[in-house]
């Protein structure tokens, strides 16, 4: 299931997003094959050398086209959908003012990416999502089971690294 957003002229936005990074290794390719059609990918291999990052992105893009997945480069400007992170109400409001189509609210739960970091918890995350005024994606320790609760709190979708990467 996906969400429609008026600022994208009736484009359907993914409910499920895979966040990539170097820790995924070969698990990235298996995760891409397991994603349902219409899912999204936020490519974030920021620590990879430029040539390696370009090769990974090219291979990922070929798979995404074949599987009808949406790909967004993390941190890049001028993309559709325009995705902004939000860790607070202030950042959510700033994201809306910056023209975000989606906000990534994080971290909702503890993550392996940032061990020991403070988390928002579902209720505080929902408050941030409401402040954004655009569809919100829950990120941080998310699983399909946890998304059921987050959907009830108003989230349009969820994103994960480990929650979508085969062990």
For the range 86-99 the number of residues that are in contact with a helix residue (DSSP H, G or I) (Cβ under 7 Å, 6 or more places away or on another chain) and either in a loop (DSSP other than H, G, I, E, B) or surrounded by fewer than 19 Cβ atoms within 10 Å (Cβ to Cβ) (or both) is 4
Candidate set: the range 109-121, residues that are in contact with a helix residue (DSSP H, G or I) (Cβ under 9 Å, 6 or more places away or on another chain) and more than 14 Å from residue 86 (Cα to Cα); chosen: the one surrounded by the fewest Cβ atoms within 10 Å (Cβ to Cβ) = 112
Keeping to the range 35-49, report how many residues are farther than 18 Å from residue 162 by Cα and outside any loop (DSSP other than H, G, I, E, B).
-> 0
Unmet criterion (only one of (1) at pLDDT 95 or above; (2) over 22 Å from residue 32 (Cα atoms); (3) not in a loop (DSSP other than H, G, I, E, B)) for residue 147 = (2)
Would you please name the residue that is modelled with the lowest pLDDT, looking only at residues in the range 54-74 that are farther than 14 Å from residue 29 by Cβ and outside any helix (DSSP H, G or I)?
-> 74
Selection within the range 70-92 - free of Cβ contacts under 8 Å to residues at least 40 places away in the same chain and more than 13 Å from the chain's Cα centre (by Cα) = 76, 77, 78, 79, 90, 91
Does the range 127-144 contain at least one residue that is closer than 20 Å to residue 162 by Cα, at pLDDT below 95 and surrounded by fewer than 19 Cβ atoms within 10 Å (Cβ to Cβ)?
-> yes
Regarding residue 117, is this residue in a loop (DSSP other than H, G, I, E, B) and more than 17 Å from the chain's Cα centre (by Cα)?
-> yes
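The values are calculated or read from the model by the stated rules, or taken from the named source; none is laboratory data. Just so it is clear, the model here is predicted, and its values are computed rather than measured. Cβ atoms come from the backbone with ideal geometry, glycine included; neighbour counts cover every protein chain shown.
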